[in-house]
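Asks: Please see the structure below; I have some questions.
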Amino acid sequence: MSFPQFAFNNIRRNGRAYIAFFLSSVFMVMIFFAYAMFIYHPYVEKLPIGKTTAAGMQVASVIVYVFAIFFVMYSISAFLKSRNKEFGILTILGAEPGQIRRLVILENMFIGFLSIIAGIGGGMLLSKLFLMLTTRFIGMDDLPFYFPIKAMLITVGAFLLLFFFISLFTLFFIGNKRALELLTGTSKPKKEPKASWVFSILGLAFLATGFISLYSSLSSESILIAAVTGIAGTYFFYSQLSVLAIRLLKRNRKRIWHGTRLLWISEMSYKIKDNARMLFMVTVVIAIASMSAVVILSLDQQNRQVFRDNHFPIRYNVYSASEEPNMAPVNEVLDAAGLQYQDAYLEYFWTSTDDSGISVMSLSDFNQFNAIQNKPIYTLASHTGIFIDSRNMEKFRHQERFHAYAKGDQLTLDMNSGPVKIDVRYTEIEPEFNGLLYTSALVIVNDEEFKALAGQLDKDAVSGKYLYHIPSWGGSVPDRQSSEVMVSDRLEGMDEIIRNSSNDKDFSGFFTTRYADFEEFRQTTALFTFLGIFIGLIFSISSASFLYFRLHTDLEADGKMVHSLSKMGLSFQEMKRSSTIQIAILFFFPILISIIETLVVVKPFLKEFGITEYTVPVLTVFGAFLLAQTFYFFVIRSRYISSLRKMMV
């Protein structure tokens, strides 16, 4: 039997240990290949957002590759540790350290090569489905199938290098241990896990520092501090705090010395200490994936809410104009589509009052705006006005340098000719002006005063906004076949047409539609959502594989303990209950910590975007992770308990 055959037989005989690692590697290769196939598709650059999507795919493929490095390194080191006895026997039989190293490299390269072939094969079989899902999810035109030679070569080269160099690196785990040391390496009795009070307090200090830095002021520096201290604190939480908590818990004999409780609590102190790095890695990757997904889904939810709150689906924004623009080209498109509509042209300018920015609009324009929405019509005497609070987000409610005037107050407009005093006769809250005029406060004055005030300013200082209200379109997000989508597509490029058809050519402005703004933002979030789904799948599957590796590594020692306890009277049901609790803690405890960390981190982030309601995204993300983790839990639990049952008397 040749040396390569010996290595291959080793893999075949240890199939149970290698299968999860092999399948996870295949899945990572397949995802990497799918991304590469999209990136180098010859038609991608011709699509409207093709370059942006390809760039996002490149970032995702790098993340997958970096994660694959850590995953392969951890998996191989776990295998080597569990095979110390095997290496000890080979040493006794005359195998030299160099031959054992060669054996390890050959085994890893065999698995890597088979993973690459299977991953590329699976990617080719699912390539058409992947391209179709990608384009449909993001909202791009369908891409034809092509034979991805470049993607294949990059995938093969990248993962062959990964498996080879990781194999070389993991040789340090073998070292030049003696045969006796190798034979007894996994059989040595473990010392009781101990935790350092100093490191435990340090871990708490790290977690507290991360929390304070996020909630004091959100900046690039505070985010960096929170990331570093949060990750360090999570590691100390598993390696020190959790062990310390279990030791303190074990002191309460009245509660612990009851049934199988003593068994599984004592075992958990060893398992958490031994698996601290693994639990730490699982928590961090799930937390990062969850944070990204929650933020993206929350932004998408906000985008849909902005669409529903927008009662003017067509707008033309004029920055500088001496007269109203000619909107006849837009009217012709709406008339041709058979749509009933109402329009209004609003003029306004910006000034300040009490050191706060404020917009000023005429009463007639404001009444036009109200009439379209069936709101009250006002009249105003000279030097009186209406104060409108247009802050529409929670963060704006606490905005500094903002004075909310009440009925009967007097405000002072800072104008070129001097201060102008206005008595506030009415007050209103109208959040829609925030999105229309990009202002937090608005003052309405009568038409004569508005003309007089605007006359003091340059022509460039007075802006305009042409609004269209189309009742039949409603506020729900339309499908691709709706009239709003088709009309919005026809109105693309309307800026130049309006400018050329207007008498005043010396103005600047831009044309927008509600659907185009929504779709542009949706495509961006859809891209990140799509990438996040696949990266989250990798994290989820890999985290389950990490746990499976550790359980398989500890299976021999656990089996010996169960065998001894069964001689003393431990029943199968008691063993099953104890093992289930231990596996459940290893599977679901990182999810719980990830949920807590995600909720702590995303709240200040979303607050910056004015998002205060993110219950649905949080439930969606963690519901998906819990569902996947529950599936893996039942599968691995059944295999683990089945293996332990065979070792009972």
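Asks: Could you pull out every residue, at least 5 positions away or on a different chain, whose amide H is within less than 5 Å of the one on Ala404? Hs are placed 1.01 Å off N in the peptide plane, and Pro or chain starts have none.
Replies: none
Asks: Going highest first, how would you order 332-338, 66-72, 384-390 by mean Cβ packing within 10 Å?
Replies: By packing density, highest mean first, the sequence is 384-390, 66-72, 332-338.
Asks: Which order do the peptides 287-297, 510-520 take when ranked by the mean count of other beta-carbon atoms within 10 Å per residue, highest first?
Replies: Averaged packing, sorted descending, gives the order 287-297, 510-520.
Asks: What is the distance, in nm, between label points placed 7 Å from the Cα along the Cα-to-Cβ direction at Val198 and at Leu168?
Replies: About 3.8 nm, to one decimal.
Asks: Sketch the reach of a paramagnetic label on Lys560 as a point 7 Å from Cα along Cα-to-Cβ, and name the residues of segment 610-649 whose backbone nitrogen lies under 18 Å away.
Replies: Inside the label zone: 644-649.
Asks: Work out the charge dipole of segment 416-481 with +1 on the Cβ of Lys and Arg and -1 on the Cβ of Asp and Glu about the Cα centre, then indicate which of Pro471, Ile429, Phe450 is farthest towards its positive end.
Replies: Comparing the listed Cα positions along the dipole, Pro471 ranks first.
Asks: Where does each of 234-242, 363-371, 567-575 land if you order them by average Cβ count within 10 Å, highest first?
Replies: 234-242, 363-371, 567-575
Asks: So for segment 190-251, what percent of the C-alpha to C-alpha distances run longer than 15 Å?
Replies: In whole percent, the share of Cα-Cα pairs in segment 190-251 beyond 15 Å is 52.
Asks: May I ask you to evaluate 6.51 cos²θ - 1.76 cosθ + 1.60, the Karplus curve with θ = phi - 60°, for each residue of segment 154-162 and list the ³J(HN,Hα) values in order in whole Hz, giving x for glycine and proline?
Replies: Calculated HN-Hα couplings, in order: 5, 5, 4, x, 5, 7, 5, 4, 4 Hz.
Asks: Given R₀ = 56 Å, what would the calculated FRET efficiency be for Gln573 paired with Ser476, taking r from the Cβ atoms and rounding to 0.05?
Replies: Given R0 = 56 Å and the Cβ-Cβ separation, E is 0.55.
None of the figures in this text is laboratory data; all of them are computed from the coordinates on show. These numbers were taken from a predicted model, which means no experiment stands behind them. Here Cβ is always computed from backbone atoms with ideal geometry, including for glycine, and neighbour counts include all displayed protein chains.
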